[in-house]
Each structure stands twice: as C-alpha cells, then as structure tokens.
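Contents: one structure, followed by commentary.
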C-alpha cells in the first residue's frame, strides 16, 4: 500500500517533493510508465530499494517534456545524481541540459525539472508532482 505523503502542485511549491526525490538516490527503477491522456502526459517512476526501505513512486502530471536513455533495469545499477529544479515562469533560456523542444515563456506555469544522471538518464519537466511512499506497519 502506498500513501501520498507529498502531493505538490505548482501553487503550493515543490519543496516536499524535492526532499523525497533527493532521498531516492540508491534506489533501483522497478517501473517506468508514461501515458498520454488528451493533451496531457503522466509519468510514474516506481522505485525499489529492497526490504530495508519503503518503495517510492514519483508521479508527474501535466508533463511538458520527458526523455530517458539507458535501460532502467537492475544491471544499470542504482539511481545517482538526482536533481530537481523549480523553473519559474519567464522568458529566460532553459537551463543547460534541458531541451524540451519549445520556448520558455512567462505564460507557462511554474515547472519542476527532475533530472537523473548516471547509467540511466531521465529528464522530466512537469507542472505537478507527487511522491507516494509505501506505508509499512511498525515492527
């Protein structure tokens, strides 16, 4: 069972989500699910450590950009170098390493850029993100 402990929409900030995402270094990708509904994309990244730590699902809605390279399997090793950056509306260029295929503008909502470097590279740009952490009974 997973509980949503850190839902974040742009209006309330991304701080809790960013803290949870940073704690995912060392996890393995168990599942990567992208879906497109109407004009909006959603992405779920299921992460697993093992019995020592709870499973985590990072869920992105209103995805404006998604790219991945490298196969997200056990042989790729654990995630490392996870960064999250909040990009406020503006006409500045995109940060280095982010090429979503459209121009940044002041009319866009605040966006979260989730980026993983290492054997598996993932880049997600979305306006809504939530972290779901497996709920476990105390032993």
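For segment 2-21, state whether one or more residues are over 17 Å from residue 130 (Cα atoms), surrounded by fewer than 11 Cβ atoms within 10 Å (Cβ to Cβ) and either out of contact with any strand residue (DSSP E or B) (no Cβ under 9 Å at 6 or more places or on another chain) or at pLDDT 95 or above (or both).
Start the filter on segment 2-21 by keeping residues that are over 17 Å from residue 130 (Cα atoms), which leaves none.
No, that holds for no residue.
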For segment 52-79, give me the residue count where each residue is modelled with pLDDT under 90 and either crowded, with 18+ Cβ neighbours inside 10 Å or assigned to a loop (DSSP other than H, G, I, E, B) (or both). 7
From (1) part of a loop (DSSP other than H, G, I, E, B); (2) free of Cβ contacts under 8 Å to residues at least 60 places away in the same chain; (3) within 18 Å of residue 128 (Cα to Cα); (4) in contact with a strand residue (DSSP E or B) (Cβ under 8 Å, 6 or more places away or on another chain), pick out the condition that doesn't hold for residue 105. (4)
If you check residue 128 against the conditions, is it part of a strand (DSSP E or B) and surrounded by fewer than 18 Cβ atoms within 10 Å (Cβ to Cβ)? no
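The values are calculated or read from the model by the stated rules, or taken from the named source; none is laboratory data. Keep in mind that what you see is a predicted model, and the values were worked out from it rather than measured. In this analysis, Cβ positions are derived from the backbone assuming ideal geometry, glycine residues included, and neighbour counts consider all displayed protein chains.
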